[in-house]
Amino acid sequence: MLNEFKEFIARGNVMDLAVGVIIGAAFNKIVTSVVEDLVMPIVGALTGGGFDFSNYFVPLSANVTATSLAAARQQGAVFAYGNFITVLINFLILAWIIFLMIKAVNRMRTSLEKQKEAAPAAPPAEDIQLLGEIRDLLKQRA
């Protein structure tokens, strides 16, 4: 069983998955920083405070009299639709930023591929060229 486990871990796709998870976690930090530190302050300045609906809720108990969601949750059951709206808007902004980043990366990749195609092929090495000439001579004799 230990040998089977070693074989499973040593497979390429498991290692690729591990690398993907680690890179994904690092990428998540970058995207979160872009949203929280760069985009949301601009959105907040344009909208006069941003999209913060987190304190919008409907009390489901007569005991709930608080005006903030955290305090209301301590008093009883609440239907916290505002927090969902805030998370949904943040997700849409995050998805849009990721889309733009991937679009930029794809554009760079396409331009690099075009540059590679446009570059002239290097002449073959001398030994390859010599072997080609020998092959051509042998074909002529036959």
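The values are calculated or read from the model by the stated rules, or taken from the named source; none is laboratory data. Just so it is clear, the model here is predicted, and its values are computed rather than measured. Positions of Cβ are generated from backbone atoms using ideal geometry, with glycine treated the same way; all protein chains shown enter the neighbour counts. Heads up: the accessible areas ignore ligands, DNA and RNA and are worked out on the full protein's heavy atoms, side chains in. Shrake-Rupley method; radii C 1.70, N 1.55, O 1.52, S 1.80 Å.
Each residue in the stretch 40-85 was checked for being within 21 Å of W96 (Cβ to Cβ) and part of a helix (DSSP H, G or I), and 11 of them qualify.
Evaluate the following for N83: is it surrounded by 12 or more Cβ atoms within 10 Å (Cβ to Cβ), of a type in the set (S, T, N, Q), closer than 30 Å to P41 by Cβ and without any contact (Cβ under 8 Å) to a residue 40 or more places away in the chain? When the stated conditions are applied, N83 passes them. Say we look at the stretch 34-69 and pick out the residues that are among the hydrophobic types (A, V, I, L, M, F, W, C) and modelled with pLDDT of 85 or more; which of these is surrounded by the most Cβ atoms within 10 Å (Cβ to Cβ)? It comes out as F57.
Yes/no per residue for (1) closer than 30 Å to V39 by Cα; (2) outside any helix (DSSP H, G or I); (3) at pLDDT below 90:
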{"residue": "L100", "(1), (2), (3)": "yes, no, yes"}
{"residue": "K103", "(1), (2), (3)": "yes, no, no"}
{"residue": "K114", "(1), (2), (3)": "no, no, yes"}
{"residue": "P120", "(1), (2), (3)": "no, yes, yes"}
{"residue": "D136", "(1), (2), (3)": "no, no, no"}
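Mind listing whichever residues of the stretch 86-99 are open to solvent by less than 80 Å² (accessible area, probe 1.4 Å), without any contact (Cβ under 8 Å) to a residue 60 or more places away in the chain and within 13 Å of the chain's Cα centre (by Cα)? Answer for the stretch 86-99, where residues must be open to solvent by less than 80 Å² (accessible area, probe 1.4 Å), without any contact (Cβ under 8 Å) to a residue 60 or more places away in the chain and within 13 Å of the chain's Cα centre (by Cα): just A95. Of all residues in the stretch 11-25, those being assigned to a helix (DSSP H, G or I) and open to solvent by 50 Å² or more (accessible area, probe 1.4 Å) number 9. Residues in the stretch 86-127 that are small (G, A, S) and under 30 Å from T47 (Cβ atoms): A95, A104.
Residues checked against (1) small (G, A, S); (2) touching a residue at least 40 places away in the same chain (Cβ under 8 Å); (3) touching a strand residue (DSSP E or B) at 6+ places or on another chain (Cβ under 9 Å):
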position	(1), (2), (3)
D16	no, no, no
G20	yes, no, no
G24	yes, no, no
N28	no, no, no
V31	no, yes, no
L46	no, no, no
T65	no, no, yes
